[in-house]
Amino acid sequence: MGSRDEGELVPKLVWRVKLVAEFETGETTEVEVARIERDEQAGLSDLGLRLAEAKQLTSALQAEIVPAQVTIAGEHRCTCAACGRRVASKGYCTATFRSLFGDVPIRIQRLLTCPCQNGGELLVAGFSGVRIRLKPAEMADYSVTT
């Protein structure tokens with residue numbers, strides 16, 4: 001192998017990391033979360049992922065997975081556990097999920113409790129059963145961003 005002429009492209013190895021989500025409905029989505037490039041003649045210091053790349057990859061995965069989980073969990077909580085009726089929605093609010101891999105903005109559905117329960121309370125559907133209940137007098141003070 002001789003020397004390369006100036007301006008000649010250096011052969012690269014390229015890895016595209018894709019996240020494929022498969023839902024119960026049979027629907028699939030595919031998102032490219034990272035692209036990693038290395039020169040073909042990488043040295044020992046270029047083997048594997050760099051720390052910054054690993055952090056970026058886990059952050060990108062988290063940014064795709066967490067909102068999907070919250071959305072699906074919210075959909076499952078749209079029916080009353082006591083009577084099975086669909087619970088009325090009051091719109092959405094935004095929140096931030098803070099994790100080791102970075103902060104992820106999430107959209108949380110606001111629900112009214114079922115009339116068969118303590119009607120008139122606002123219920124913010126959270127993840128893993130974490131919910132915030134507000135009495136009617138407190139609802140006016142509850143600010144929501146959409």
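The values are calculated or read from the model by the stated rules, or taken from the named source; none is laboratory data. As the structure is a computational prediction, the values presented were derived from the model and not from experiment. With ideal geometry, Cβ positions are generated from the backbone for all residues, glycine too; neighbour counts draw on all protein chains shown.
Just a few scattered comments:
- Long-range neighbours under 7 Å by Cβ, at least six apart or interchain, first residue touching a residue at least 24 places away in the same chain (Cβ under 8 Å) and in a loop (DSSP other than H, G, I, E, B) within the stretch 68-83, second surrounded by 13 or more Cβ atoms within 10 Å (Cβ to Cβ) and of a type in the set (Val, Ile, Thr): CYS78/VAL87; CYS80/VAL87
- When ALA81 is tested against (1) crowded, with 16+ Cβ neighbours inside 10 Å; (2) over 18 Å from the mean Cα position of the chain (by Cα), only condition (1) is not met.
- So ALA42, is it modelled with pLDDT under 90 and over 29 Å from the mean Cα position of the chain (by Cα): yes
- Applying the set (1) modelled with pLDDT of 85 or more; (2) part of a strand (DSSP E or B); (3) touching a helix residue (DSSP H, G or I) at 6+ places or on another chain (Cβ under 9 Å) to ARG98 leaves exactly one unmet item: (3).
- Test for LEU111: is it of a type outside the set (S, T, N, Q), over 12 Å from the mean Cα position of the chain (by Cα), more than 17 Å from VAL17 (Cα to Cα) and not in a loop (DSSP other than H, G, I, E, B): yes
- Residue in the stretch 60-67 that is at pLDDT 90 or above, among the charged types (D, E, K, R) and surrounded by 10 or more Cβ atoms within 10 Å (Cβ to Cβ) present: yes
- Residue selected from the stretch 24-43 under the condition among the charged types (D, E, K, R) and part of a strand (DSSP E or B), by the criterion surrounded by the most Cβ atoms within 10 Å (Cβ to Cβ): ARG38
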